[in-house]
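The values are calculated or read from the model by the stated rules, or taken from the named source; none is laboratory data. Bear in mind that the values here come from a model prediction, so they are computed numbers and not experimental data. Don't worry about glycine lacking a Cβ; one is built from the backbone with ideal geometry, like all the others, and counts go over all protein chains shown. Ligands, DNA and RNA are excluded from the accessible area calculation, which covers all protein heavy atoms including side chains. Shrake-Rupley method; radii C 1.70, N 1.55, O 1.52, S 1.80 Å.
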Amino acid sequence: MSERTSNRVFDIVNITFISLFVIFCLAPFLHTIAISLSSNRAITSGEVTIFPKEFNWDAYIQVFSDQSMIYSLGFTSILTVATTVLCMLFTLAAAYPLTKKKLKGRKLFMYVIIITMFFSGGMIPEYLLIRDLNLLNSVWALILPGLVSPFNLIILISFFRGIPESLEESAEIDGSSHVHTLFKIILPLSMPVLATLALFYAVGRWNGFQDSLLYINDPKLYPLQLKLFQMVQNNMVSELTLMEGANRAPLTPESLKAATVIFATVPILLVYPWLQKYFVSGAMLGAVKG
């Protein structure tokens, strides 16, 4: 077999495998969309696969008519943006000094950071700490515990170590301070990894519900994923199905759940295309350098 034929066979096998993998990943998402857009009869009879049957928008109309869902969407969006900004600031503030050989105790700090990746206090001690700090039913209970991710911090440290020291030395000779060097030289060179870590933080906060499940009792502070979790866990959709003056037949719980899942998933999906060009290079550079 010639090299050209061998490469062609490899390309065919590779494309086939990737195509099957993509279909495997997309199938549950497409199935959820199909259920949210199908009629009650088609859903209850099990006719829905990845294409809607007897197309209708009733589930989305009811979801968007529920004011608590719209409020939770706005609150979650603000919470995600605020959390991402604060997490990036604190991660940056920790990563940059830890790349300096002059920092005393640098290795000790790194050991402490790495240990937290393998061991934690556990759920009950964390809850007791949040309670003793009077953070229960506070938005800070959703931000402060995950303010710095050790994994993201190590990625950023590794990336900073890969930047030539000669750049900083030249800046110091010109009289630049550490802060000026960081914002004018280091950060512009670090956009791929910063965008990648920002996406990690944003997706983690958007999808998080366990911390709000433990620390939040005020419905005004319910993130969108917590409302979705409660709907799926309790199999209750009464707030959506009991619409005064509705002239349509009641929807199945599966249809409303599927519509709510899509309602909670699409906003964060729309963020990815804006960061896609940075994502792969940022993750790989931060992982292999240093």
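Would you mind telling me which numbered condition in (1) open to solvent by less than 40 Å² (accessible area, probe 1.4 Å); (2) more than 25 Å from L221 (Cα to Cα); (3) in contact (Cβ under 8 Å) with a residue 40 or more places away in the chain D66 fails?
Going through the list (1) open to solvent by less than 40 Å² (accessible area, probe 1.4 Å); (2) more than 25 Å from L221 (Cα to Cα); (3) in contact (Cβ under 8 Å) with a residue 40 or more places away in the chain, D66 breaks only (2).
Which residues, taken from the stretch 28-55, are surrounded by fewer than 20 Cβ atoms within 10 Å (Cβ to Cβ) and part of a loop (DSSP other than H, G, I, E, B)?
S45, G46, E47, T49, I50, F51, P52, K53, E54, F55
Among the residues of the stretch 116-133, are any touching a helix residue (DSSP H, G or I) at 6+ places or on another chain (Cβ under 6 Å) and either at pLDDT below 90 or loosely packed, with under 15 Cβ neighbours inside 10 Å (or both)?
Yes: the stretch 116-133 contains one or more residues that are touching a helix residue (DSSP H, G or I) at 6+ places or on another chain (Cβ under 6 Å) and either at pLDDT below 90 or loosely packed, with under 15 Cβ neighbours inside 10 Å (or both).
Of the residues K107, K100, which is within 23 Å of G162 (Cβ to Cβ), open to solvent by 20 Å² or more (accessible area, probe 1.4 Å) and either outside any loop (DSSP other than H, G, I, E, B) or in contact (Cβ under 8 Å) with a residue 60 or more places away in the chain (or both)?
Of K107, K100, the one residue that is within 23 Å of G162 (Cβ to Cβ), open to solvent by 20 Å² or more (accessible area, probe 1.4 Å) and either outside any loop (DSSP other than H, G, I, E, B) or in contact (Cβ under 8 Å) with a residue 60 or more places away in the chain (or both) is K107.
Just to be sure before I move on: is T5 within 22 Å of L256 (Cβ to Cβ), open to solvent by 60 Å² or more (accessible area, probe 1.4 Å) and at pLDDT below 85 in the structure I sent?
Criteria not met by T5.
Across the stretch 210-241, what is the total count of residues that are outside any helix (DSSP H, G or I), open to solvent by less than 40 Å² (accessible area, probe 1.4 Å) and at pLDDT below 80?
Number of matching residues: 1.
Going by the structure shown, is T116 touching a Phe, Trp or Tyr at 6+ places or on another chain (Cβ under 8 Å), assigned to a helix (DSSP H, G or I) and closer than 30 Å to L214 by Cα?
It is false that T116 is touching a Phe, Trp or Tyr at 6+ places or on another chain (Cβ under 8 Å), assigned to a helix (DSSP H, G or I) and closer than 30 Å to L214 by Cα.
Taking only pairs six or more apart or across chains, which ones have beta-carbon atoms under 8 Å, a first residue in the stretch 39-57 that is at pLDDT below 80, and a second residue that is open to solvent by 70 Å² or more (accessible area, probe 1.4 Å)?
Once the first residue is at pLDDT below 80 and sits in the stretch 39-57, no partner that is open to solvent by 70 Å² or more (accessible area, probe 1.4 Å) comes close enough.
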